Amino acid sequence: MWARIGLAFSGADREWTEAMGSYGAGGTHLDARRPVRGIALDIGSSRTRAWAPGAGVFADVPSTAVRRGRVSDDSAQLLLLKRLAASAPGGESHDTVVMLTHPVLAAPAEREAARRVVAGLGPVRVIAVDSARAAAAYAGPPGGGPLLVVDLGARLTEVTLVVDGQVQDARLAELGVDDLPPYGGVSDAVVGTAADMVSDMWREDATGAVRGALRRGVLVTGGGALRLDVTARLAQVLRARVRLANDPATSVVRGAGLMLASALRHPGARRTR
C-alpha cells in the first residue's frame, strides 16, 4: 500500500538533496560577486506554489502536468514555471537560485525529471530539499528533537520522522484528499492509511523517537490539513495533539523559502550554470 524510505543514498542523491542542517539552517553558499534572484518552488499534484524573498508566496496556481507527485509532461510544466518566473520579483529568470521541493520518497528518476524542468529556467543553481524538512523549517517547534510530519496532499499522503533536521524514516501512499468525497464525507481512507504508516514506523523504531514525536505533537501539512474532519479524526486515531501551521497548504513552499533566504545570505559557492 505504501513505500518505505531507502536510507542508503548514492553519490548523485547526496548532491541532489542538499544537507541544510537542523530544520534547514544554513549550509548552501552562493557567489556574492553577481546579484542573484531566489525562488522557492513546490510543484504538487494539484497546485504549484512559488515564493520569493520580500514577496512571500506570490503564486499558487493549478499544476498543469503533475500526476501523484510526478511530472508527466515536461514542456507543459515548464511553460507554467516560465510564467511564474516572469512574474517573480527581480526581473528575468536567468541568474536565479531555485529551491525546489520534492516528496521524501521521490525516486531518483522522478527528482531528475523535476530538476530537468526547472533547469529550463536557466537558474544559477537548483537546490533540492524534501517536503518534510521544508515544512519543519517553517512550522516545526523550535530546537531539535524528533518530529512527525504528516503531509496530506491532493494525491499523496506522506509520513516522515525528522530527528534533529534529518529524515530518519518515511512512508508514502498514493492516496490523497482529492480521492475522498467532498467535505463532510468519509475521511477514514486517508486517516487510516496515515495511522497505519505511523504504527508501522513505531514497530520498527528502536530508539523511541516516534513515541517522543507523538508526545510533542504531529505536524500536519498540505491542503488536506484544511479539512477539519480529516485532522480531527487523525488526532483521535493517533491519540496525539495535531499541530497546524497558519497556512498548512503553503507550509512546504514557505519553509523552502526560509532555506533559500538562508542560502542567499551566505555567499561563497561558485556559479554552476
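The 3J(HN,Hα) values that the Karplus relation (6.51, -1.76, 1.60; θ = phi - 60°) gives for the stretch 100-108 are, in residue order, 10, 8, 8, x, 4, 9, 4, 5, x Hz. Gly and Pro appear as x.
Amide H contacts of residue 221: 150, 151, 152, each under 5 Å away and 5 or more positions distant or on a separate chain (H built 1.01 Å from N in the peptide plane; Pro and chain starts excluded).
Net charge near residue 61: determine it from the other residues with C-beta under 15 Å of the C-beta of residue 61, scoring Lys and Arg +1 and Asp and Glu -1. All intermediate terms of the calculation are to be shown ahead of the outcome.
Numbers: positive: 47, 49, 82, 83; negative: 42, 60.
That works out to +2.
Close amide H pairs (under 5 Å, H built 1.01 Å from N) link residue 59 with 50, residues at least 5 positions away or on another chain.
Once a ≥ b ≥ c are taken as the square roots of the eigenvalues of the Cα gyration tensor of the stretch 114-225, is the result rounded (a/c under 1.5), prolate (a/b larger than b/c) or oblate (a/b not larger than b/c)?
oblate
Summarising the amide proton neighbourhood of residue 128: residues at separation of 5 or more, or on other chains, whose placed amide H is nearer than 5 Å comprise 18, 100. Cα gyration tensor of the stretch 120-172, axes a ≥ b ≥ c as square roots of the eigenvalues: rounded (a/c below 1.5), prolate (a/b > b/c) or oblate? In terms of gyration-tensor shape, oblate.
Where a number appears in this text, it was derived from the coordinates with a stated rule and is not lab data. Everything quoted here is computed from the prediction, not taken from an experiment. No Cβ is skipped: glycine too gets one built from the backbone with ideal geometry, and neighbour counts run over all protein chains shown.
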